[in-house]
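Okay, structure first, notes after.
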Amino acid sequence: AQSVTQLDSQVPVFEEAPVELRCNYSSSVSVYLFWYVQYPNQGLQLLLKYLSGSTLVKGINGFEAEFNKSQTSFHLRKPSVHISDTAEYFCAVSNSGTYKYIFGTGTRLKVLA
Amino acid sequence: DVKVTQSSRYLVKRTGEKVFLECVQDMDHENMFWYRQDPGLGLRLIYFSYDVKMKEKGDIPEGYSVSREKKERFSLILESASTNQTSMYLCASQGQAWEQYFGPGTRLTVT
């Protein structure tokens with residue numbers, strides 16, 4: 001069965017430092033990959049997505065992610081974080097051409113002053 | 001911009017009550033979804049709908065039903081609320097490029 005693993009439940013990082021949030025998935029078929037952000041007491045907002053093409057995907061708020069098919073990973077990175085990036089981040093995967101997403105359990109990013 | 005609205009941000013209900021959660025999207029999307037979000041478990045799919053009056057069970061449909069009489073509106077129904085249904089409920093609609101757009105969520109407490 002398809003699954004998504006976000007190994008880090010919490011990541012503390014100082015302001016202006018780089019950050020990487022890890023996401024690994026298991027699937028034997030072609031996939032679409034997504035990262036979403038959830039600010040406190042809000043719904044999820046799309047950060048970026050990979051459907052096909054270039055494996056380096058740029059998203060909103062300075063985030064980017066790289067699709068690595070051989071390692072079945074889609075890690076999210078930002079070179080310099082801000083206090084306002086404090087939120088929960090969810091990785092999601094769907095088999096190409098299907099409606100259904102499988103979400104990871106989320107990584108809570110806390111940016112420290 | 002796509003807008004997905006949910007009828008309530010916070011709701012408190014008693015055990016055994018029938019509960020309706022409503023979701024409306026304004027982008028003429030065919031696919032709509034209901035998830036519940038619990039700490040440490042991420043988002044789990046309850047039901048989704050791919051057209052008016054069409055629905056499919058997700059991963060955790062037990063204790064829930066849905067209704068989609070109009071394209072823009074997708075309702076989640078708890079026939080007889082129980083305390084283990086206390087959770088955050090998120091509605092989403094899906095665009096042409098596979099991305100999902102989420103509402104702000106309804107935090108339901110069942111006492």
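The values are calculated or read from the model by the stated rules, or taken from the named source; none is laboratory data. Treat the numbers as computed from the prediction; the structure is a model and nothing was measured. Note that we place each Cβ from the backbone using ideal geometry, even for glycine, and neighbour counts take in every protein chain shown. Heavy atoms of the whole protein, side chains included, go into the accessibility calculation; ligands, DNA and RNA do not. Shrake-Rupley method; radii C 1.70, N 1.55, O 1.52, S 1.80 Å.
Figures for the structure shown
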{"item": "Within the range A:91-106, tally of residues that are more than 7 Å from chain B (Cβ to nearest Cβ) and closer than 15 Å to A:Ala65 by Cβ", "result": "3"}
{"item": "Residue that is farthest from the other protein chains (Cβ to nearest Cβ), among those in the range B:92-111 that are hydroxyl-bearing (Ser, Thr, Tyr) and over 21 Å from A:Leu48 (Cα atoms)", "result": "B:Thr111"}
{"item": "Some residue of the range A:52-75 being in contact with a Leu (Cβ under 6 Å, 6 or more places away or on another chain), surrounded by fewer than 20 Cβ atoms within 10 Å (Cβ to Cβ) and in a loop (DSSP other than H, G, I, E, B)", "result": "yes"}
{"item": "Filter pass, B:Glu22 being in contact with a strand residue (DSSP E or B) (Cβ under 7 Å, 6 or more places away or on another chain) and within 14 Å of chain A (Cβ to nearest Cβ)", "result": "no"}
{"item": "Restricting the range B:23-54 to residues that are of a type outside the set (A, V, I, L, M) and in a loop (DSSP other than H, G, I, E, B), the residue that is least open to solvent (accessible area, probe 1.4 Å)", "result": "B:His29"}
{"item": "Positions within the range A:24-55 being away from every other protein chain (no Cβ under 12 Å), closer than 21 Å to B:Glu99 by Cα and not aromatic (Phe, Trp, Tyr), in sequence order", "result": "A:Asn24, A:Ser26, A:Ser27, A:Val29, A:Ser30, A:Gly53, A:Ser54, A:Thr55"}
{"item": "Subset of the range A:74-101 that is closer than 21 Å to A:Ser52 by Cβ and among the basic types (Lys, Arg) - its residue that is farthest from the chain's Cα centre (by Cα)", "result": "A:Lys100"}
